[in-house]
Amino acid sequence: MTKNDSVRTALALAVRAGLPVLLWGAPGTGKTSAVVALGRQLDLPVEVVVGSVREPGDFAGLPVVRQEGTWFAPPRWAERLASAGSGLLFLDELTTAPPAVQAAMLRVVLERAVGDLVLPEGVRIVAAANPPDLAADGWELSAPLANRLVHLDWEVSPVDVADGLAHGFPEPDAVRVVPPSRAGVAAAKARVGAFLRVRPELVLAVPGTPERAGRSWPSPRSWEMAAIALAAGEADAAVTDVDAAVAALVIGAVGEAAGFELLSWLRTLDLPDPETLLDDPDAPLPDRADRLHALLGGLVAHVVADGGAAAWERAWTVIGRVSKTTPDVAAASARTLAANRPAGAGLPSALLDLAPILRSAGLMP
């Protein structure tokens, strides 16, 4: 398993999870071929849009006067993707696009808007770029655009090239990759949130130089992408080399220092499974506040996804135990649980014990 194999797996995970990805690599190393092959495997049409030959209007839309007002008409590639309902939008040669074009791409990457057309959810966005010093008339990637993408380093070794020429270049087993569930994403966000309570200074760390700002760095947006990457890895735990692929995605979202710190912190959590905890609400609980935040966040995400009254009622027993030692930790999860009360669910039987936390959550005066 080479490094590029894990990057190919990371690319497939990101596409399935709806994460916009940017492949960084030297010219002629097969980035475009890999994206086209991925689209073929997933049976998705691929639209290649080369940044160096485009103008801002190709992304912001061209104004057309109509009776009811001005319409910003999308280009044909956007109309084809919208008509198909799904596909891969491949933004190639990003660092050869001048700043005005990069600015016009922002809404495409973040809001999926091309002029007055909104691309369907089934359209995935992948980009590729050469490092500015290797690109013809290269520009640094703008910080706002860079922070909207997960950055992956695309490298090839002489052995990979030799084997590929002799036996064919491998394609990722993308067909086996499945998107993460809403519950999985919610649980992963809870764990990332618990980590940021411990390291609040990492919530936002904008680099001070254009070179560093043009790559991955921590922000609320990129932490959310890191959480989705974690959920994608858990949904596809059986995929070969999934751990290395998830690590590449997390680091590609928030940067090397913050990403390694999160991954290291997650390895020490050792939390019980939510279903196990609901079946045995008297099971031992962690004593660290950050681990309790992660535990309750995952529990509430599981209960909300379950949607049943029984699971909702049992979860309050666990929250009640936490409220006795760390009420501030319990309060945050209680609010979310209270807001997602299923039809027919009764108030917790241990109402008196839970009174302070229920009052904090707005369940009682």
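Quick note: the coordinates plus some simple rules give every number you see, no bench work behind them. This one's a predicted model, so the numbers in the text were calculated from it and none came from an experiment. Using ideal geometry, Cβ is built from the backbone for each residue, glycine included, and neighbour counts are taken over all protein chains shown.
Quick look at the values:
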| quantity | calculated |
| --- | --- |
| Positive dipole terminus of the chain, leading residue within Val53, Val254, Ala113 (C-beta point charges) | Ala113 |
| The chain, dipole about Cα centre (Lys/Arg Cβ +1, Asp/Glu Cβ -1), debye to the nearest 20 | 940 |
| DSSP bridge pairs, the chain: antiparallel proportion in percent, nearest 5 | 25 |
| Volume per residue of the C-alpha convex hull in segment 21-148, rounded to whole Å³ | 100 |
| Estimated FRET transfer efficiency when R0 is 22 angstrom, pair Arg288-Arg335 (beta carbons, to 0.05) | 0.55 |
| Protection proxy ranking of 302-311, 337-346 - average other beta-carbon atoms within 10 Å, highest first | 302-311, 337-346 |
| Crossing angle, helix 309-325 versus the chain [Cα axis fit, 0-90 degrees, rounded to tens] | 80 |
| Per-pair calculated FRET efficiency, R0 = 51 Å: Gln67 and Val178 via Cβ, rounded to 0.05 | 0.65 |
| Cα long-axis angle, helix 3-17 against the chain (0 to 90 degrees, to the nearest 10) | 70 |
| Protection proxy ranking of 36-42, 148-154 - average other beta-carbon atoms within 10 Å, highest first | 148-154, 36-42 |
| Evaluated at q = 0.08, 0.14, 0.15 Å⁻¹: base-10 log I(q)/I(0), Debye formula over Cα of the chain | -0.48, -1.13, -1.22 |
| Cα-based helix-to-principal-axis angle, 327-339 vs the chain, degrees rounded to 10 | 70 |
| DSSP loop GluC sites (Glu not before Pro) with at most 16 other Cβ within 10 Å: longest gap in the chain | 156-365 |
| Options Trp312, Pro144, Leu11, ranked by Cα towards positive dipole end of the chain, top entry (Cβ charges) | Trp312 |
| Ranked Val178, Val65, criterion: other C-beta atoms within 10 Å, fewest first | Val65, Val178 |
| Ordering of 280-288, 293-301, 182-190, 95-103 by burial proxy (mean other Cβ atoms within 10 Å per residue, highest first) | 293-301, 182-190, 95-103, 280-288 |
